[in-house]
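Let me begin by presenting the structure, written as C-alpha cells, before commenting on it.
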Amino acid sequence: MPLFKKEYRIHLSALSLVISGILFVIYPALRPYSDEISMEGATAFASTEWLVAHMLAIVAFTLLPLGLLGFHNSLQGTNVRSFTYWALVLCLLGIGLTLPFYGGETFGLHAIGQEAIKQQSAALLSQADIVRSGAGLVMFLIGLLLLAIASIILAIAIWKSGKYPKWMGLPFAIGMSLYIPQFLAGQPLRITHGLLVSLGCIWIAVGLWRNRNQTSNRKAQPKTISS
C-alpha cells in the first residue's frame, strides 16, 4: 500500500520530530509555576494547565523514537548506521525510564493538589516529595542521561554521515544534555531550553524531509542512453 512506502515512513518520522519539538516548548510555557508548599502550589498542581502541560511532555518524549527511526533508516547502507542504531536503542531505553516519573508528576501531583484544595490543607503537598524521590527519581535521572548519550551519538552520526549538514545535530544534543540542569532553573530559562530542544528536533526533521525528497526526485528522473 502507498502509505507504507519508504518515503511516507520518512515523512511521518520528520512530522513526528516537528510535533515533538513544538510540544517541548509548549510544556514549560503552559506549566504553572509556584512555591509548591502553600495553597498556591496546590492550585498549580490541581490546575488543568498542569495536567495538560505534562501530558504534552509525555507525548513529546514518546514521538522522539519514531523520528529517530526514520533518521536511522535514511542512513541505510552508510558507515554511520551503527551510530544511529545505538542512538535509537538508548533513546528507547531512556524514554522508558523517564516516562514513569512524568506519570507521577502528571497524575500523582494533580491528585495531591486536588485533595489539598478539597481539605484546604497545604500539609498534603509534602506528599509531592515522596512522588519525586526514591527509585522513581533514580530511574528518571538514568533515563535522561541515556537520552543525552543518545543525542550525542546521533550528533556524531550526522557529523560523519556526509548526507546532512554537520552542525544539524548539535542543538538537539546540547538540549538533551541540559535536560537535568534545566529543572533547577526558572520558567524563562526552561522555556529557552524548550526552544533549543525544539530547534534541534525541527532542524533534524527538515534535513530528513529534504534528503528524502531529493532522493525521490533523483529516482524519478528518467535515465538517458548515451551513444
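Coordinate-derived values only; no laboratory data. Just so it is clear, the structure is predicted and the values come from calculations on it, not from any experiment. Note: ideal-geometry Cβ built from the backbone for every residue, glycine included; neighbour counts use all protein chains shown.
Observations on the structure shown:
- For segment 62-133, the fraction of C-alpha pairs farther apart than 15 angstrom is 64 percent.
- Of the residues S133, I95, P181, the one whose Cα sits farthest toward the positive end of the charge dipole of the chain, with +1 on the Cβ of Lys and Arg and -1 on the Cβ of Asp and Glu, is I95.
- Normalised by residue number, the volume inside the convex hull of the Cα atoms of the chain is 125 Å³ per residue.
- Compared with the dominant principal axis of the Cα atoms in the chain, helix 81-103 is inclined by about 20°.
- Axis angle, to the nearest 10 degrees, between helix 187-220 and the longest C-alpha principal axis of the chain: 20 degrees.
- Nearest-0.05 FRET efficiency for T192 and Q127, computed from C-beta distance (R0 41 Å): 0.85
- Across segment 1-87, the fraction of Cα-Cα pairs farther apart than 14 Å, rounded to a whole number, is 70%.
- Crossing angle, helix 109-119 versus the chain [Cα axis fit, 0-90 degrees, rounded to tens]: 20 degrees
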